[in-house]
Amino acid sequence: MSHLPIDVTSLVVQAAALGTLDYGYMWWKGLSFSDLMYVTKSNITNAVSNLKNSLEQVSDGSKEAFDSED
């Protein structure tokens, strides 16, 4: 059974060429990497806000449960 050798150098060269083309396209369009991250930042902000609200509800619920036991 023969194995095809993987030429890592050609893979690296192709990946670098693709990255260079992508970066050139972004530069040509006037984009930066931070322009592409706004969706992620807003999603994280929303997720943190939702988590905070959920934790506050759990905290309030546990306080009520402990207060009713006394």
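The values are calculated or read from the model by the stated rules, or taken from the named source; none is laboratory data. Remember, it's a predicted structure, so these values are computed and weren't measured experimentally. All Cβ positions, glycine included, derive from the backbone under ideal geometry; neighbour counts span all protein chains shown.
Do we find a residue being modelled with pLDDT under 80 and either in contact with a His (Cβ under 9 Å, 6 or more places away or on another chain) or hydroxyl-bearing (Ser, Thr, Tyr) (or both) anywhere in region 20-27?
No, because not a single residue in region 20-27 is modelled with pLDDT under 80 and either in contact with a His (Cβ under 9 Å, 6 or more places away or on another chain) or hydroxyl-bearing (Ser, Thr, Tyr) (or both).
Is it the case that some residue within region 20-35 is assigned to a helix (DSSP H, G or I), surrounded by 10 or more Cβ atoms within 10 Å (Cβ to Cβ) and of a type in the set (S, T, N, Q)? Outline the logic, then answer.
Keep residues of region 20-35 that are assigned to a helix (DSSP H, G or I), which gives 20-29, 33-35.
Now restrict to residues that are surrounded by 10 or more Cβ atoms within 10 Å (Cβ to Cβ): 20-27, 35.
Applying the additional criterion that residues be of a type in the set (S, T, N, Q) yields 20.
Within region 20-35, one or more residues are assigned to a helix (DSSP H, G or I), surrounded by 10 or more Cβ atoms within 10 Å (Cβ to Cβ) and of a type in the set (S, T, N, Q).
Can you tell me which residues in region 1-19 are of a type in the set (S, T, N, Q) and modelled with pLDDT under 90? Can you show your working first?
Within region 1-19, the first condition is being of a type in the set (S, T, N, Q), and the residues that meet it are 2, 9-10, 14.
Result: Ser2, Thr9, Ser10.
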